[in-house]
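Have a look at the structure that comes next, please.
The values are calculated or read from the model by the stated rules, or taken from the named source; none is laboratory data. Quantities reported herein were computed from a predicted structural model and do not represent experimental measurements. Cβ coordinates were reconstructed from backbone atoms using ideal geometry, including for glycine residues, and neighbour counts include every protein chain displayed. These accessible areas exclude ligands, DNA and RNA; they are computed on the full protein's heavy atoms, side chains included. Shrake-Rupley method; radii C 1.70, N 1.55, O 1.52, S 1.80 Å.
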Amino acid sequence: MANRLPRDVYDRGTDPDPRFSMANERTFLAWIRTALALTAGAIAVQARALDLPGWARVTLSCVLLALAALAVVQAYSRWRRHEVAMRTGGELPGFAGGVAFAAGIVVLILGALVAGLLNR
């Protein structure tokens with residue numbers, strides 16, 4: 001089908017089993033939901049939902065927004081790499097982006113703990 005975008009993905013190889021493509025799309029949407037939740041968290045932190053000093057609110061909000069942006073990039077790049085691999089019969093790629101994302105979450109949690117302890 002010539003109307004499907006991105007063409008450089010859909011013009012490669014043959015269509016995989018629709019169940020695999022749909023699973024890949026569901027994973028993409030899960031990453032997008034995560035990005036939306038992180039964005040909502042950034043807004044909540046800035047709305048003074050937590051009793052934190054100003055510098056901590058700004059820092060945590062920026063980290064949350066950076067993680068949200070990383071989740072969106074991860075969603076698209078992961079979907080793209082997996083779709084191409086399924087269409088061409090190649091190996092499925094690893095999960096390095098998810099590991100980087102998890103490391104960012106750990107930094108966020110540690111930052112929130114430090115900010116909370118400094119605020120006491």
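Given (1) modelled with pLDDT of 90 or more; (2) open to solvent by 80 Å² or more (accessible area, probe 1.4 Å), identify the lone condition not met by residue 10.
(2)
Starting from segment 5-23, keep only residues that are within 17 Å of residue 75 (Cβ to Cβ), then list their pairs with residues that are among the acidic types (Asp, Glu) and surrounded by 10 or more Cβ atoms within 10 Å (Cβ to Cβ) whose Cβ atoms are within a distance under 8 Å, requiring at least 6 positions of separation or different chains.
Close Cβ pairs satisfying both conditions: 9/83; 21/15; 21/83.
Same structure, new question: For residue 63, are the conditions met, namely being open to solvent by less than 60 Å² (accessible area, probe 1.4 Å) and at pLDDT 95 or above?
No.
Right, residue 21: under 15 Å from residue 82 (Cα atoms), assigned to a helix (DSSP H, G or I), open to solvent by less than 60 Å² (accessible area, probe 1.4 Å) and of a type outside the set (A, V, I, L, M) or not?
The answer is yes for residue 21.
From 99, 84, grab the single residue that is under 27 Å from residue 23 (Cβ atoms), in contact with a Gly (Cβ under 9 Å, 6 or more places away or on another chain), in a helix (DSSP H, G or I) and of a type in the set (A, V, I, L, M, F, W, C).
Unique residue meeting the criteria: 84.
Also, I was wondering about something else. Hey, can you tell me all the residues within segment 24-49 that are open to solvent by 100 Å² or more (accessible area, probe 1.4 Å) and over 23 Å from residue 104 (Cβ atoms)?
48
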